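Read the structure below first, then the notes.
Nothing in this text is a laboratory measurement; each read-out follows from the coordinates by a stated rule. This one's a predicted model, so the numbers in the text were calculated from it and none came from an experiment. Cβ atoms come from the backbone with ideal geometry, glycine included; neighbour counts cover every protein chain shown.
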Amino acid sequence: KAGVTQTPRYLIKTRGQQVTLSCSPISGHRSVSWYQQTPGQGLQFLFEYFSETQRNKGNFPGRFSGRQFSNSRSEMNVSTLELGDSALYLCASSLVADTTNYGYTFGSGTRLTVV
Amino acid sequence: AQSVTQLDSHVSVSEGTPVLLRCNYSSSYSPSLFWYVQHPNKGLQLLLKYTSAATLVKGINGFEAEFKKSETSFHLTKPSAHMSDAAEYFCVVSDINNNDMRFGAGTRLTVKP
């Protein structure tokens, strides 16, 4: 059974550009969450989607947005990139919305470098 | 809101010796607690989880953790470290009130030969 797939694995962008990252959850999983991981801030929650609806959102500016499609695949978009957006972006999926019992399965991440 | 504190940013052990990674949590409700491991340039892998069943939880690769409500702790242990255990370990708390998972800052485990 395929795991959580994130594409691309690596990305280099210039300040001011925008970027779209993709996440394909484990087949059958309906909950998808996104996290930003940086050496200084650690793992920070971005947003969570379940059945195409955003259920939770972390404390990030409006430049960060996301969506989930009917097949549960998810994309996140960052507009007007800043140097501080350089990070590993992790996607995680769960079978149901109740992650208190199931936890998440994480992808390998997309490493974004903004220059 | 729930939170988690990993008491050591870096732990170094010799191969074959015990591992102890410490985690304290704060939660207004009955929490669920998880330990994840992240190897370099990889995503996070679930090691084990506590969800109000047995307080001693056994996970993969010989790791286990004990939930102690009186001490609000969920320390991760392994009797004998292996070189392949060298990685970053994250303690995570989630409560049913908001379904939000809060990650600790991580503990980097180094295993010396």
Listed by range, strands (runs of 3 or more DSSP E) wholly within chain A having at least 1 residues that are in contact with an Asp or Glu (Cβ under 7 Å, 6 or more places away or on another chain) and hydroxyl-bearing (S, T, Y) are A:19-24, A:31-38
Would you confirm whether or not the stretch B:83-101 contains a residue that is under 19 Å from A:L90 (Cα atoms), within 11 Å of another protein chain (Cβ to nearest Cβ), in a loop (DSSP other than H, G, I, E, B) and in contact (Cβ under 8 Å) with a residue 12 or more places away in the chain? yes
Which of the residues belonging to the stretch A:6-58 are touching a helix residue (DSSP H, G or I) at 6+ places or on another chain (Cβ under 9 Å), farther than 13 Å from A:S72 by Cβ and among the hydroxyl-bearing types (S, T, Y)? A:T38
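Step by step: first the residues of the stretch B:30-50, then only those that are outside any strand (DSSP E or B) and under 26 Å from A:Q36 (Cβ atoms), then the one that is nearest to the other protein chains (Cβ to nearest Cβ). Which residue is that?
Taking the stretch B:30-50 first, the residues outside any strand (DSSP E or B) are B:30, B:39-43.
Subset that is under 26 Å from A:Q36 (Cβ atoms): B:39-43.
Working: B:H39: 10, B:P40: 11, B:N41: 8, B:K42: 6, B:G43: 4 Å.
The residue in question is B:G43.
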Against the definition (under 24 Å from B:H39 (Cα atoms), of a type outside the set (K, R) and in contact with a Pro (Cβ under 8 Å, 6 or more places away or on another chain)), how does A:C23 come out, yes or no? no
Residue check for B:T51: over 11 Å from the mean Cα position of the chain (by Cα) and surrounded by 19 or more Cβ atoms within 10 Å (Cβ to Cβ): yes
Does A:L46 fit the bill of being buried (at least 16 other Cβ atoms within 10 Å of the Cβ) and under 27 Å from B:V4 (Cβ atoms)? yes
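Among B:L109, B:L21, which is the only one that is away from chain A (no Cβ under 13 Å), farther than 21 Å from A:S33 by Cβ, in contact with a Cys (Cβ under 9 Å, 6 or more places away or on another chain) and among the hydrophobic types (A, V, I, L, M, F, W, C)? Outline the logic, then answer.
On the way: B:L109 fails: in contact with a Cys (Cβ under 9 Å, 6 or more places away or on another chain).
Testing whether each residue is away from chain A (no Cβ under 13 Å), farther than 21 Å from A:S33 by Cβ, in contact with a Cys (Cβ under 9 Å, 6 or more places away or on another chain) and among the hydrophobic types (A, V, I, L, M, F, W, C) leaves just B:L21.
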Test set (1) touching a His at 6+ places or on another chain (Cβ under 8 Å); (2) more than 18 Å from B:S3 (Cβ to Cβ); (3) crowded, with 21+ Cβ neighbours inside 10 Å - B:C23 fails condition number: (2)
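Any idea which of B:P18, B:P31 is of a type outside the set (D, E) and exposed (fewer than 14 other Cβ atoms within 10 Å of the Cβ)? Break it down stepwise before answering.
On the way: B:P31 fails: exposed (fewer than 14 other Cβ atoms within 10 Å of the Cβ).
On inspection, the qualifying residue turns out to be B:P18.
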